[in-house]
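**Student:** Dropping the structure in here first, questions after.
No value in this document is a laboratory result; all are computed from the given coordinates. Source: prediction; values computed, not measured. As a convention, Cβ positions derive from the backbone with ideal geometry for all residues, glycine included, and neighbour counts pool all protein chains shown.
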Amino acid sequence: SIQNEPDFTPSGTSYAYEAGCYVNSTQTSTRAGYPQALAAVKTALQAAGLGSTRFIGPDTTAIGGNKIPNYLNNLPTGSVVAIAHHLYHDDPATSTSALSTLDSQYPYATWPKFMTELNPYDQYESPAFDGQPDWMQLAVTMHNVFVYERANAYLVWNVMYGTIGYWNGQPVGTATYHPLGHYSKFIRPGDRRALGVEREGRRVQI
């Protein structure tokens, strides 16, 4: 991916914080356009003998509000090999509409999809999980992403912060480590998900 969260507009005066957030879905006087920036990166890599490099994108902060099409619809065919995105404020644990929309949008229904960044659970939705185990919200979010978006990957970007002891590499937390660990341990390459439906009072596996 050429840019993390290109739709994110930073504030403040910290250059370290603002670095890299200057790609827009379309070209402006102050920001490079996403298609132009991606083409420039590909050209540079090709000149360096790395023309076989493949790209994912656009790595937007979320998928609601047509964020994905805004960045990808103007790209030449084959520019990226998979969709990458984040899920901040998309309500992935309490609402599946944005996830289902991304799965149904042509041509994204058949593209690999990578959820590349989300906190263990989005604080925006936390009140809906009051009184439940601390791992439940992440488990529900991951389930919804895999089932309704039909995503191929789910990354918890800060999994190392409070869940793995740097001194011995052992788990020290539950909210992130256990649901993520169970998906990682029990879902293997080549596994398939079975859908069940009710037909004439019988449970049918598809």
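**Student:** If you restrict to DSSP beta bridges whose two residues both lie in the stretch 35-192, what percentage is antiparallel, to the nearest 5?
**Tutor:** In the stretch 35-192, approximately 10 percent of DSSP beta bridges are antiparallel ones.
**Student:** Among 80-90, 35-45, what's the highest-first ranking by average C-beta atoms within 10 angstrom per residue?
**Tutor:** So the order, starting with the most tightly packed, is 80-90, 35-45.
**Student:** Continuing with this model, one more query. What is the set of long-range amide H partners of ASP59 at a cut-off below 5 Å, with H atoms built 1.01 Å from backbone N?
**Tutor:** ALA84, HIS85
**Student:** Quote to one decimal, in nm, the extra length available between LYS42 and TYR124 on full extension: 0.36 nm per residue of separation minus the C-alpha distance between them. Can you show the working numbers first?
**Tutor:** On the way: separation 82, 0.36 × 82 = 29.52 nm, distance 3.68 nm.
Stretched fully, the LYS42-TYR124 segment lengthens by 25.8 nm.
**Student:** Hey, another quick one. Using the Karplus curve 6.51 cos²θ - 1.76 cosθ + 1.60 with θ = phi - 60°, work out ³J(HN,Hα) for each residue of the stretch 62-74 in order, rounded to whole Hz, and write x for Gly and Pro.
**Tutor:** 7, 10, x, x, 6, 4, 5, x, 4, 9, 9, 5, 9
**Student:** Same structure, new question: For ALA32, what residues show an amide H to amide H distance below 5 Å, using hydrogens built from the backbone and excluding near sequence neighbours?
**Tutor:** Excluding prolines and chain starts, which carry no amide H, the hits are ASN24.
**Student:** Which length gain, in nm to one decimal place, applies between SER184 and TRP157 when the Cα-Cα distance is subtracted from 0.36 nm times their residue separation?
**Tutor:** Contour length minus Cα-Cα distance gives 8.2 nm.
**Student:** Order the peptides 187-194, 23-30, 110-117 from the highest to the lowest mean number of other Cβ atoms within 10 Å of their residues.
**Tutor:** With the highest mean Cβ count within 10 Å placed first, the list reads 110-117, 23-30, 187-194.
**Student:** Based on the Kirkwood radius over alpha-carbon pairs, what is the Stokes-Einstein translational diffusion coefficient of the stretch 68-170 at 10 °C with 1.306 mPa s viscosity, in µm²/s?
**Tutor:** 106 µm²/s
**Student:** In whole Hz, with x marking every Gly and Pro, tabulate ³J(HN,Hα) for the stretch 23-35 from phi via Karplus 6.51 cos²θ - 1.76 cosθ + 1.60, θ = phi - 60°.
**Tutor:** Calculated HN-Hα couplings, in order: 10, 10, 5, 10, 5, 10, 6, 10, 10, 5, x, 4, x Hz.
**Student:** Apply the Karplus parameterisation 6.51 cos²θ - 1.76 cosθ + 1.60, with θ equal to phi minus 60°, to every residue of the stretch 144-152 and state each ³J(HN,Hα) to the nearest whole Hz, in sequence, with x for glycine and proline.
**Tutor:** 5, 5, 6, 8, 8, 8, 6, 6, 9
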